[in-house]
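**Q** For reference, the structure I am asking about is given below.
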Amino acid sequence: MRSRTELERRGRAALGRPVRYNLLVDDTSEEAKHVLLERIRRMSPAQRVEEGARLSRFCREMMRAGIRARHPEYDAGQVEEALARLLWGDDLYRAAKPGRPLLEP
């Protein structure tokens, strides 16, 4: 396993800046943070990409569930339109889908 210093050096070489994992969770114990960081460090780059994609899909599903809870009258297409508005913001949504109504997310 590579050392943290080596990973940070390689990240700096690739990105021009240090790579650090920042867990923005304040309610996680130090032991749990350590376990999570060790898990991330053991992942290959491909595994990290897959984990990121999995988390992205999960977040989108949670956003869809929130939209459906707030707007039970929306059909599946309207849920997707409201999700797009949330993800893209109003300006980009209007530019990408001119003339479409701005559904409340």
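Laboratory data are not the source of any read-out in this text; all were calculated from the coordinates shown. Keep in mind the model is a prediction, meaning the values are calculated, not measured. Methodologically, a virtual Cβ is constructed for each residue, glycine included, from the backbone with ideal geometry; neighbour enumeration extends over all protein chains shown.
**Q** What do you get for Rg/Rh over region 45-105 if you use C-alpha atoms and the Kirkwood form of Rh? Walk me through the numbers on the way to the answer.
**A** Values: Rg = 13.5 Å, Rh = 12.6 Å.
Taking Rg over the Kirkwood Rh, I get 1.07.
**Q** Starting at the first residue of region 69-74, write each ³J(HN,Hα) from the Karplus equation 6.51 cos²θ - 1.76 cosθ + 1.60 with θ = phi - 60°, in whole Hz, x for Gly and Pro.
**A** Once θ is set to phi - 60°, the couplings for region 69-74 become 5, 7, 9, x, 7, 6 Hz.
**Q** Which whole-Hz couplings ³J(HN,Hα) result when phi for each residue of region 29-36 is put into the Karplus expression 6.51 cos²θ - 1.76 cosθ + 1.60, θ = phi - 60°, listed in order with x for Gly and Pro?
**A** Values per residue, Gly and Pro as x: 5, 4, 5, 5, 4, 4, 4, 4 Hz.
**Q** List Ile40, Ile67 from most exposed to least, where exposure is judged by having the fewest other Cβ atoms within 10 Å. Please report the intermediate quantities before stating the final value.
**A** Values: Ile40 13, Ile67 22.
Neighbour counts put them in this order, fewest first: Ile40, Ile67.
**Q** Another question, if that's okay. Per-residue HN-Hα couplings for region 48-65, Karplus 6.51 cos²θ - 1.76 cosθ + 1.60 at θ = phi - 60°, whole Hz, x for Gly and Pro?
**A** Once θ is set to phi - 60°, the couplings for region 48-65 become 5, 5, 4, 5, x, 5, 4, 5, 5, 4, 4, 4, 5, 5, 5, 5, 4, 4 Hz.
**Q** Now, a different point. Order these by the 10 Å Cβ neighbour count, fewest first: Glu81, Glu30, Glu50.
**A** On the way: Glu81 20, Glu30 7, Glu50 12.
Exposure proxy ranking, most exposed first: Glu30, Glu50, Glu81.
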